[in-house]
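The values are calculated or read from the model by the stated rules, or taken from the named source; none is laboratory data. Computed from a predicted structure; not experimentally measured. In this analysis, Cβ positions are derived from the backbone assuming ideal geometry, glycine residues included, and neighbour counts consider all displayed protein chains.
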Amino acid sequence: MPEFPLLPNPTDPRLTRRISGTDQTGAATEISVVEERPLTIYLNRQEIVTAMTIGDYPEYLALGFLRNQGMLRADDVVTGVDYDDEIETVVVRTERETSYEEKVQKKTRTSGCAVGTVFGDMMEGLEGLTLPRAEVRTSWLYALAKEINTTPSLYLEAGAIHGTVLCQQDKPLVYMEDVGRHNAVDKISGFMFRHGLSAEDKILYTTGRLTSEMVIKTALMGIPVLASRSGFTAWGVEIARQVGLTLIGRMRGQRFVCLSGEERLVRDVDPSSVPEEDRKSRRKSADEAAE
């Protein structure tokens, strides 16, 4: 297993490029922009989807996407994950024979960014699911927000990107970024699946909106706490309450809002003692950046 924390590498020359343009005054300028490329995912011999991605961690993205779509079961034995960077294709091979023609045909693009989901199948996966009643200390939330917002990242280098971080108490463990928030979550899921990482004591932090899909993916991964800088949708809140997911949004400096699992919050820090975010270093949500 890779050593923790696993952090973004904003200096990787494959992930950004410099592009020239002009600013509001007409003066010449040059900025870093995020690369975007297709990645085709196969499960055994079947082509499943082509995702637009920044191109890092293709194996984790493929495993996580297949796992979150219910195409990989928890007990599946993965015999190989082969990535060909020339044709931008990753093939996941399993001992079990698989065929998902019907599922692939009815896959639709929904409210999320990048890869759409087989929404009905994901909802079916929630039947009978109850998440661990994990305690969450507000001191952990404040510490995580501060560290994540100031960690060197592709967002701080170039913007136009979402981040998702797997955390344990107040420690970030795995930090993934991508052009779509679902890609970033799938990379986390693939990492956990590949390395057998437990979920019951983890927190998932995202810069994206807390939509129904984000809540469902987090629940299916077995993670009991989902936190974000962004806001909520009503259905996302409803599903979180249904499965017992602690849902925390609008995390900015001293402030946050908890709309599910409030009874599991331990308020061990006076919010007035928490410094406001430094505007020079704070990370906006990707939603804010798009406005």
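Tabulated results
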{"read-out": "Of all residues making up the stretch 137-174, the number that are more than 14 Å from SER228 (Cα to Cα), touching a helix residue (DSSP H, G or I) at 6+ places or on another chain (Cβ under 8 Å) and surrounded by 21 or more Cβ atoms within 10 Å (Cβ to Cβ)", "value": "3"}
{"read-out": "Residue among GLU86, GLU30, GLU36 that is more than 14 Å from GLY190 (Cα to Cα) and out of contact with any strand residue (DSSP E or B) (no Cβ under 6 Å at 6 or more places or on another chain)", "value": "GLU86"}
{"read-out": "ILE54 out of contact with any Cys (no Cβ under 8 Å at 6 or more places or on another chain) and closer than 21 Å to PRO8 by Cβ", "value": "yes"}
{"read-out": "Yes/no for SER99 being hydroxyl-bearing (Ser, Thr, Tyr) and in contact (Cβ under 8 Å) with a residue 24 or more places away in the chain", "value": "yes"}
{"read-out": "Condition check for THR11: of a type outside the set (Gly, Ala, Ser), exposed (fewer than 11 other Cβ atoms within 10 Å of the Cβ), assigned to a loop (DSSP other than H, G, I, E, B) and in contact with a Pro (Cβ under 9 Å, 6 or more places away or on another chain)", "value": "yes"}
{"read-out": "VAL81 being surrounded by fewer than 20 Cβ atoms within 10 Å (Cβ to Cβ), in a strand (DSSP E or B) and either touching a strand residue (DSSP E or B) at 6+ places or on another chain (Cβ under 9 Å) or modelled with pLDDT of 90 or more (or both)", "value": "yes"}
{"read-out": "Sole exception among (1) surrounded by 15 or more Cβ atoms within 10 Å (Cβ to Cβ); (2) among the hydrophobic types (A, V, I, L, M, F, W, C); (3) in contact with a helix residue (DSSP H, G or I) (Cβ under 8 Å, 6 or more places away or on another chain); (4) in contact (Cβ under 8 Å) with a residue 60 or more places away in the chain for ILE48, by number", "value": "(4)"}
{"read-out": "Residue in the stretch 50-63 that is more than 17 Å from SER189 (Cα to Cα) and more than 21 Å from the chain's Cα centre (by Cα) present", "value": "no"}
{"read-out": "Meets criteria (modelled with pLDDT of 90 or more, within 30 Å of THR150 (Cβ to Cβ), assigned to a loop (DSSP other than H, G, I, E, B) and of a type outside the set (A, V, I, L, M, F, W, C)) for GLY26", "value": "no"}
{"read-out": "Within the stretch 165-190, considering residues that are in a helix (DSSP H, G or I) and in contact with a Leu (Cβ under 7 Å, 6 or more places away or on another chain), the one nearest to ARG133 (Cα to Cα)", "value": "ILE188"}
{"read-out": "Among (1) under 22 Å from GLU147 (Cβ atoms); (2) at pLDDT below 95 - the single one ALA227 does not satisfy", "value": "(2)"}
{"read-out": "Test result for GLY222, surrounded by fewer than 21 Cβ atoms within 10 Å (Cβ to Cβ), modelled with pLDDT of 95 or more and over 20 Å from GLU277 (Cα atoms)", "value": "yes"}
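Residues are listed down the side, and each one gets a yes or a no for (1) over 24 Å from GLU86 (Cα atoms); (2) among the aliphatic types (A, V, I, L, M):
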site: PRO2; (1), (2): yes, no
site: THR11; (1), (2): no, no
site: THR16; (1), (2): no, no
site: GLN24; (1), (2): yes, no
site: THR29; (1), (2): yes, no
site: ARG37; (1), (2): no, no
site: LEU43; (1), (2): no, yes
